[in-house]
1. Exactly one condition in (1) in a loop (DSSP other than H, G, I, E, B); (2) over 27 Å from Glu165 (Cα atoms); (3) at pLDDT below 90 is false for Asp9; which is it?
2. Could you please let me know if Leu49 is touching a residue at least 24 places away in the same chain (Cβ under 8 Å), assigned by TED's automatic domain parsing to the domain that holds Tyr10 and touching a Ser or Thr at 6+ places or on another chain (Cβ under 8 Å)?
3. Exactly one of (1) within 30 Å of Asp29 (Cβ to Cβ); (2) among the small types (Gly, Ala, Ser); (3) at pLDDT 85 or above is unmet by Ala145. Its number?
4. Out of Leu67, Leu49, Leu95, Leu40, which single residue is of a type outside the set (Phe, Trp, Tyr), in a strand (DSSP E or B) and under 16 Å from the mean Cα position of the chain (by Cα)?
5. Residues in segment 64-78 that are surrounded by fewer than 18 Cβ atoms within 10 Å (Cβ to Cβ) and farther than 16 Å from Leu49 by Cα: how many?
6. Taking segment 98-125 as the search range and keeping residues that are within 16 Å of Arg25 (Cβ to Cβ) and not in a helix (DSSP H, G or I), which one is modelled with the lowest pLDDT?
7. Of all the residues that make up segment 46-56, how many are buried (at least 19 other Cβ atoms within 10 Å of the Cβ) and modelled with pLDDT under 95?
Amino acid sequence: MADHRRSPDYDLADELELTGDEQYRALFDETRSRIVTLLLDRAATTSELAEVLERPKGTVGHHLKLLERAGLVRVVRTERVRALEAKYYGRTARLFLYHAVGEAVGEPQRALARAAAGIAAAPVLTPEAADDPGHLPVIGYLRHARIPRERASEWADRLADLVLEFAAEPAAGDTTYAVVVGLYPTRGLSDPDGTGAP
């Protein structure tokens with residue numbers, strides 16, 4: 001796999017392998033998963049995360065404490081804001097490695113479902129806005145190919161590299177874009193039971 005690294009505004013390890021139930025429970029909650037994704041861009045306070053997530057500060061603070069206890073986030077710096085000390089949280093690693101066990105089971109399906117909801121909520125590019133260089137339309141393709149498992153594995157690696165390359169783009173511009181990929185067995189005309197058997 002290619003070595004693509006996003007550079008947030010704090011130091012963190014390249015990867016962390018999840019080792020216990022506490023880490024799996026902490027990471028594979030929808031809100032906490034969104035928090036660690038947001039922290040790949042830069043460190044953030046509870047208030048900043050609450051604003052982006054549109055959740056109460058107390059709720060986000062609770063999720064941060066669970067992530068911190070599990071060793072997935074940490075306070076990377078503090079700043080004095082008037083009489084208060086603002087804590088900035090960051091991830092402990094760029095990449096969390098995990099196995100499909102416990103709370104992680106079904107995570108690819110959940111990730112694709114979250115992406116589908118985000119795509120459905122994306123603004124539709126009208127013909128009037130098509131010539132505006134500031135607008136990029138939503139693109140989406142769904143293709144099927146009957147291929148051996150080994151080739152599917154090769155495609156999975158290539159797609160993972162592409163996603164990591166996209167994620168390593170330096171933060172710039174005023175719009176956040178998302179990329180989603182999925183590779184999964186499905187039913188075709190010559191595979192009516194979806195097993196992949198010829």
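1. Failing condition for Asp9: (2).
2. no
3. (1)
4. That would be Leu95, the only listed residue that is of a type outside the set (Phe, Trp, Tyr), in a strand (DSSP E or B) and under 16 Å from the mean Cα position of the chain (by Cα).
5. Of the residues in that region, 2 qualify.
6. Ala100
7. So the count comes out to 0.
The values are calculated or read from the model by the stated rules, or taken from the named source; none is laboratory data. The structure presented is a predicted model; accordingly, all values stated were derived computationally and were not measured. Every residue, glycine among them, receives a Cβ derived from its backbone with ideal geometry; neighbour counts consider all protein chains shown.
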